[in-house]
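The values are calculated or read from the model by the stated rules, or taken from the named source; none is laboratory data. Note that this is a predicted model, so its numbers are computed, not measured. Every residue, glycine among them, receives a Cβ derived from its backbone with ideal geometry; neighbour counts consider all protein chains shown. Protein only, heavy atoms only, side chains kept; ligands, DNA and RNA dropped before computing areas. Shrake-Rupley method; radii C 1.70, N 1.55, O 1.52, S 1.80 Å.
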Amino acid sequence: MSYDAIVIGAGLSGLVTTAEIANSGKTVLLLDQEPESSFGGQAWWSFGGLFLIDSPEQRKMGIKDSLELAEQDWFGSAGFDREDEDYWGKQWAKAYLQFAANEKRDWLRRLGISLFPVVGWAERGGYLAEGHGNSVPRFHIVWGTGPGIVEPFEKLVKKFIFGGMVTYKPRHQVDQLMINDQVATGVKGSILKDDHVKRGEKSSREVVGDFEYEAEHIVVASGGVGANFDLIRKNWPKRLGNPPKNMISGVPDYVDGRMITIAEKSGANIANKDRMWHYTEGIKNWSPVWSNHGIRILPGPSSIWLDAEGNRFPAPNFPGFDTLGTLESIMKTGYDYSWFILTQKIIEKEFALSGSEQNPDLTGKSIKQLLKRVLPGAPGPVEAFKSKGEDFIVADQLSDLVSEMNELTGEQLLDEEHIRKQIEARDREINNKFTKDLQITALRGSRFYKGDKLIRTAKPHQILDEKNGPLIAVRLNILSRKTLGGLQTDLSGTVLGQNGEPIKGLYAVGEASGFGGGGIHGYRALEGTFLGGCLFTGKTVGRTIGN
């Protein structure tokens, strides 16, 4: 059978692209190396955050946003400074901002996707107005989290499968792109042995056959390199210090970067290999699904952040302000981990965990469960990590806490009196509504936003006051996650060759394309823009091929 298009990868960007092409009346062959259990890919595991501009949800929360303010924040964060590699990324950024301010929300609502009414404030920056960070809250959580955003596209694709417009072949691993004279004509690859692993679990790579298919349009929708630690370390930028010796993985094993490497060997241009997005607040999953499985803490602004030797990080290295800035500060200490110290009051109000499986209330669309978030006590998944997670320590006295922190690492790096002195100094600043401690200024400022005051920022209090305890320490690991660079594409989604010319019939979407153009984010992301980048690139390429 012949097909109009071949899409490589059944993650979110691949599903959106497939649905758009099939909806235009063209046939699609959808290939994926994983079993059908992983349909929807990495997006299924996500928290479901989306970046929107001047939305009704923002306006109801009293947030004044605009396209101009969002563009200021985006370009101030991106720091585009590479003439060739950034050219198309900048064009995609401008187009995406228009999408996020206009068509995006209404399109998703027509598909049945709704949003949690409280808008989150991620990546707050902490620099001047033209620097990194979101000036206002823009992180809109999908009602149903990752599964909620995957579901409508999964239904569309399965409808087209049933109708014969889409042929889906799991366990088909593409090994080669067929490109002749700057024209893509097909793919070759290996058929992998059937494997009945559950979603996200590592699957077999045993080869039982091969395949070859031709089509006029080939779309790479294979994701990034987040589970390939060797490739991450190879591309690690010097500006972030030495690469971490120890990391945990925020993505399943199949996020291995194979297709990016294969495309490059076929003549495609890869832009911005050294730009990546890894989190600093990773904790080891006490119930892992994939190899080195880690979860990210989505912290509020109050926890004390210490390096491995017990020194408080300077401004603006506060929880939730600047992911890569803090990553750079951590790596320059010579260690690849850090610490939070906080109280029970802080963990109850400020700790959330990234991931659909860590938020059963939002994922399950349960209002009854959701209402428990405003009651005393931390959310159930957070309490589970507190009691079962190896990175959590709980103690009534600081002396006991520090002793157990040293015991956990096997290194006597932490001095109780040094840590006590820093926390006591911080606690003295709580006595007035004004302060020179910029973290306290920031957390008080965040409470002017009613969303933060309601569910994300604890009332300022003294950490060493026993009535706020017990004390909690959390060892924070580097958590791999996103690839910010990728296959360079023009605004149609067509991949550019290493000679700068388009490769006819070859396209890239989602993380494989750096979420557009080979790097729509530049050096830094504003959060809620990864799923959105998959949606936007998939929709754009689907329209390109469908026209």
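Counted as membrane-span-like here are DSSP H helices of the chain whose alpha-carbon atoms extend 15 Å or more along the helix's own axis and whose Kyte-Doolittle mean is -0.5 or above; these are 12-23, 67-78, 87-101, 145-162, 398-409, 530-546. Look at where the Cα atoms of the stretch 410-475 and of the stretch 250-318 average out, and the two centres are 26 Å apart. Considering amide H positions built from the backbone, and no H for Pro or chain starts, which residues 5 or more places from Ile141, or on another chain, come under 5 Å of its amide H? Residues meeting the amide H criterion: Leu50, Phe116, Gly120. Percent of C-alpha pairs per 5 Å bin in the stretch 226-348, short distances first: 2, 10, 18, 21, 18, 15, 9, 4, 2, 1, 0.
With no solvent and one point per C-alpha, what does the Debye sum give as log10 I(q)/I(0) for the stretch 119-191 at q = 0.12, 0.17, 0.19 Å⁻¹? Debye curve over Cα of the stretch 119-191, log10 I(q)/I(0) at q = 0.12, 0.17, 0.19 Å⁻¹: -0.73, -0.83, -0.88.
In a reduced charge model with +1 at each Lys and Arg Cβ and -1 at each Asp and Glu Cβ, the chain shows a dipole moment near 1540 debye about its Cα centre. Kirkwood hydrodynamic radius of the stretch 190-241, from the reciprocal of the average inverse Cα-Cα distance over all distinct pairs: 14.9 Å. Only Lys, Arg, Asp and Glu carry charge here, each on its Cβ (+1 for the first two, -1 for the last two); on that basis the stretch 315-367 has a dipole of about 120 debye about its Cα centre.
Each Lys and Arg adds +1 at its Cβ and each Asp and Glu adds -1 at its Cβ; summed about the Cα centre, the stretch 1-85 shows a dipole of about 420 debye.
By accessible area, using a 1.4 Å probe on protein heavy atoms only, the stretch 269-321 has 47% of its surface on carbon and sulfur. As a rough guide to protection, the peptides 333-346, 66-79 ranked by mean Cβ packing within 10 Å, highest first, stand as 333-346, 66-79. Three semi-axes describe the equivalent ellipsoid of the stretch 392-495; taken as square roots of 5 times the Cα gyration tensor eigenvalues and ordered largest first, they are 36, 24, 13 Å. Using a 1.4 Å probe, what is the accessible area per residue for the stretch 371-529, in Å²? About 43 Å² of surface per residue is accessible.
May I ask you to give the percent of accessible area on the stretch 178-245 that is carbon plus sulfur, with a probe radius of 1.4 Å? Carbon plus sulfur share of accessible area: 45 percent. Past the 19 angstrom mark, what percentage of all C-alpha to C-alpha distances in the stretch 472-530 do you count? Value for the stretch 472-530: 39 percent of Cα pairs lie more than 19 Å apart.
Taking loop as defined by DSSP and a crowding limit of 14 other beta carbons within 10 Å, which chymotrypsin sites (Phe, Trp or Tyr not before Pro) in the stretch 424-509 fit? Within the stretch 424-509, the qualifying chymotrypsin sites (Phe, Trp or Tyr not before Pro) (loop, at most 14 other Cβ atoms within 10 Å) are Phe434, Phe448.
Protection proxy ranking for 173-181, 469-477, using the average of other Cβ atoms within 10 Å per residue and placing the highest first: 469-477, 173-181.
Accessible area per residue for the stretch 1-141 is 38 Å², calculated with a 1.4 Å probe on protein heavy atoms, without ligands, DNA or RNA.
Compactness of the stretch 428-542 is given as radius of gyration and Dmax, 22.4, 67 Å, from Cα positions. Projecting the Cα atoms of Thr435, Gly485, Leu414 onto the dipole axis of the stretch 404-488, where Lys and Arg carry +1 and Asp and Glu carry -1 at the beta carbon, places Gly485 farthest toward the positive end. Once you have a ≥ b ≥ c as the square roots of the Cα gyration tensor eigenvalues for the stretch 363-412, tell me rounded if a/c is under 1.5, and otherwise prolate or oblate according to whether a/b is larger than b/c. Prolate shape, in that a/c is at least 1.5 and a/b is the bigger ratio. Estimated purely from DSSP H runs of n ≥ 4, each contributing -39500 (n - 2.57), the mean residue ellipticity at 222 nm for the chain is -9500 deg cm²/dmol once divided by its residues. In order along the stretch 201-216, the Karplus-derived 3J(HN,Hα) couplings, from 6.51 cos²θ - 1.76 cosθ + 1.60 at θ = phi - 60°, round to 6, 5, 10, 5, 10, 5, 8, 10, x, 9, 8, 8, 9, 10, 6, 6 Hz, and Gly and Pro are given as x. Roughly to the nearest percent, how much of the accessible area of the stretch 1-59 is carbon and sulfur, given a 1.4 Å probe? About 45 percent, which is the carbon plus sulfur part of the accessible surface. Between the residues Pro376, Ile6, Gly497, the greatest Cα displacement towards the positive end of the dipole of the chain, with unit charges on the Cβ of Lys, Arg, Asp and Glu, is found for Pro376.
Taking only the Cα atoms of the stretch 150-239, the radius of gyration and Dmax are 16.6, 51 Å.
Using a simple spin-label model with pseudo-atoms 7 Å out from Cα toward Cβ, Ser492 and Lys453 lie 5.3 nm apart. A 1.4 Å probe run over the stretch 146-249, with the rest of the protein chains in place, finds 50 Å² accessible per residue.
The stretch 81-222: percent of C-alpha pairs farther apart than 19 Å? For the stretch 81-222, the share of Cα pairs beyond 19 Å comes to 74 percent. Between Ile161 and Asn499, the distance separating the two model label sites (each 7 Å from Cα on the Cα→Cβ line) works out to 4.0 nm.
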